[in-house]
Every structure is written in C-alpha cells, then in structure tokens.
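S.K.: Here it is: the structure, laid out below.
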2 protein chains.
Amino acid sequence: MSDGQRNKITVDIYGQQYVIVGDESSNHIRLVAEMVDEKMREISFKNPSLSTTKLAVLTAVNTIHDYVKLKEDLEQLQNDIKQLKE
Amino acid sequence: MSDGQRNKITVDIYGQQYVIVGDESSNHIRLVAEMVDEKMREISFKNPSLSTTKLAVLTAVNTIHDYVKLKEDLEQLQNDIKQLKE
C-alpha cells in the first residue's frame, strides 16, 4: 500500500478535522478514517448520552476487541497450516 | 473465549473508569482495556498537547489501521491456502 513517500491528508472524523501523516496511500488513510467515523456513529446511536471522549475511547475498545479476535483467527490458521505440513 | 454469560466489569483507561459489558471473559475485556490504555499513552507521549478526545480518536485510527493490515495478511494467507489446494 505504501508508495514510499509520507502522505499528509486531512480527514473528517465525527465532525472534527484531523491531519493524518503516514507512509500509507491517501486512499488507505481515508478508508481508515471512514471506518473510525462509522464506528463512532454506531456506538453513539446506541449510547446517545456519551461524551465524545468516552465515545472515542469505547470506539478504540471496540476496535482492539475486533483486532484481538482477528489475530486469534490468523494464529489459528497459521497453526492449521503448520499441522498440515507436519 | 465466551463462557455464555454477559460479563460486566469496570476498567480504567487513561485515568477514567469505564463499565464494559460483553459476552467475552473478564480476562479478555481487561486485556483489551490495557491495550487501549497503552496505545493512548504511547500516542500521548509523542503528542503531549493533544486533548483526550483527539487522543482517543487517533488511538482508534491507529488500531483500525492495524486491523486493516492484519485483515490483509489473513486474506493473503487464505488465498495462499486456496492456491495450494488447487
């Protein structure tokens, strides 16, 4: 995904602008920002009284949960492959 | 990881308490909370002037980025397996 240069783009997340700098393509950065925005809106819809800070922290909690689950899937798949090779 | 019941536990993330309810084990919820807390402290260390909200949003951005990368790895591995079977 990297094109070898630092990209600096401005994205809108939950009504606030953020400047994101990274090696990734602008498309990747925009996709990530859209996913965060979407998750924040989902959680806010279910919990309308939350402050933006709590909402953002719970979005991070939610995402790390998904990450840990995905990592478990990946490790399981790697173990399956290892066993197939034995 | 689920033991079939809803767990409700209080965790501390970046000096603030959050009540997390989920099907996951208390250990899983605590691990996830610790990972969020750690990521927030890492980003805060590099950007000490950020507000807690911006810090939490950038933590979510960072995590979704990791998630997307991991998903690409998983898909690559699944494709490799598919090709091996063909």
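Each value in this text was obtained by applying a stated rule to the coordinates, not by laboratory testing. Please read all numbers here as calculations on a predicted model, not as lab measurements. Cβ placement follows ideal geometry from the backbone for every residue including glycine, while neighbour counts extend to all protein chains displayed.
S.K.: Determine which lysines satisfy two conditions relative to B:Lys8: a Cα distance under 22 Å, and not lying fewer than 8 residues away in the same chain.
M.R.: Those lysines meeting the cut-off are A:Lys39, A:Lys46, A:Lys54, A:Lys69.
S.K.: In nm, what does the list of distances from A:Ser44 to its counterparts in the other copies look like, shortest first, when each label sits 7 Å along Cα to Cβ?
M.R.: A:Ser44 label point versus its equivalents elsewhere: 2.3 nm.
S.K.: Note the angle between two axes, namely the Cα long axis of helix A:26-46 and the longest principal axis of the Cα atoms of chain A, as a number of degrees from 0 to 90, rounded to the nearest 10.
M.R.: 70
S.K.: What nm value, rounded to one decimal, do you get for the distance between B:Ile81 and A:Asn79 when each label is placed 7 Å out toward the C-beta?
M.R.: In this crude spin-label approximation the distance works out to 1.3 nm.
S.K.: Could you pull the copy-to-copy label distances for B:Ile9, with points set 7 Å along Cα to Cβ, in nm to one decimal and sorted shortest first?
M.R.: 3.8
S.K.: Over chain A, what is the mean sequence separation of C-alpha contacts under 8 Å (at least six apart), divided by residue count, expressed as relative contact order in percent?
M.R.: Relative contact order, chain A: 19 percent.
S.K.: How crowded by other chains is B:5-12, given as the mean number of beta carbons from other chains within 10 Å of each beta carbon? The partial results should precede the final answer.
M.R.: Details: counts 0, 0, 0, 0, 0, 0, 1, 0.
Mean shielding by partner chains, rounded to a whole number: 0.
S.K.: Moving on. In whole Hz and in residue order, list the ³J(HN,Hα) couplings for region A:60-77 that follow from phi through the Karplus curve 6.51 cos²θ - 1.76 cosθ + 1.60, θ = phi - 60°; x for Gly and Pro.
M.R.: With the stated coefficients, region A:60-77 comes to 5, 4, 4, 5, 5, 4, 4, 4, 4, 4, 5, 5, 4, 4, 5, 5, 4, 5 Hz.
S.K.: Then there is this: Helix-derived [θ] at 222 nm for chain A: sum -39500 (n - 2.57) over DSSP H runs of at least 4, divide by residue count, nearest 500? Spell out each step's value before the answer.
M.R.: Working: 2 runs with 55 residues, N = 86.
The per-residue figure over chain A is -23000 deg cm²/dmol.
S.K.: Average partner chain C-beta neighbours within 10 Å, per residue of A:45-57?
M.R.: Taking the mean over all residues of the peptide, I get 4.
S.K.: Over all distinct alpha-carbon pairs, what is the Kirkwood Rh of the protein assembly as shown in angstrom?
M.R.: Averaging 1/r across every pair of different Cα atoms and inverting gives 17.5 Å.
S.K.: Still on this structure: Output, in nm with one decimal and in ascending order, the distances from the A:Glu72 label point to the matching label points of the other copies (7 Å from Cα along Cα-to-Cβ).
M.R.: List, nearest first: 2.6 nm.
S.K.: Report, please, the projected area of chain A averaged over directions, based on the convex hull of its C-alpha atoms, in nm².
M.R.: Orientation-averaged projected area of the Cα hull: 7.6 nm².
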